[in-house]
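Participant: Please find one structure pasted underneath; my questions will follow.
Read-outs: derived from the displayed coordinates by stated rules, not from any lab. A quick note: this is a predicted structure, and the numbers were derived from the prediction, not measured. With ideal geometry, Cβ positions are generated from the backbone for all residues, glycine too; neighbour counts draw on all protein chains shown.
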């Protein structure tokens, strides 16, 4: 799973995503830049998008949520603020 990550104050974390279909982490680039001085930033791609791996299956919402939890766990992050966007959402 690819991610854009930069360290700031370790007590503040921000996770961008999920990104809208069919985008990838770069759709968050300008937001990530503005938050650089205040947050540790993570912007993982959804499975099969951007630079991420494409597994044989497991593309449902639960799978994407599990990916994000695994990413936070791997980084030792107990909490994170998470935002998302979808341009086609109503």
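Participant: For segment 13-83, what is the relative contact order in percent, using Cα pairs closer than 8 Å and at least 6 residues apart in sequence?
Facilitator: 41 percent
Participant: Extension gain residue 73-residue 54, at 0.36 nm per residue separation less the Cα-Cα distance, in nm?
Facilitator: Value of the extension gain: 4.7 nm.
Participant: Packing-wise, with mean Cβ within 10 Å as the measure, how do 70-83, 23-36 rank, highest first?
Facilitator: 23-36, 70-83
Participant: Expressed in nm to one decimal, what extension gain is obtained for the pair residue 65 and residue 38 from 0.36 nm per residue of sequence separation less their Cα-Cα distance?
Facilitator: 7.3 nm
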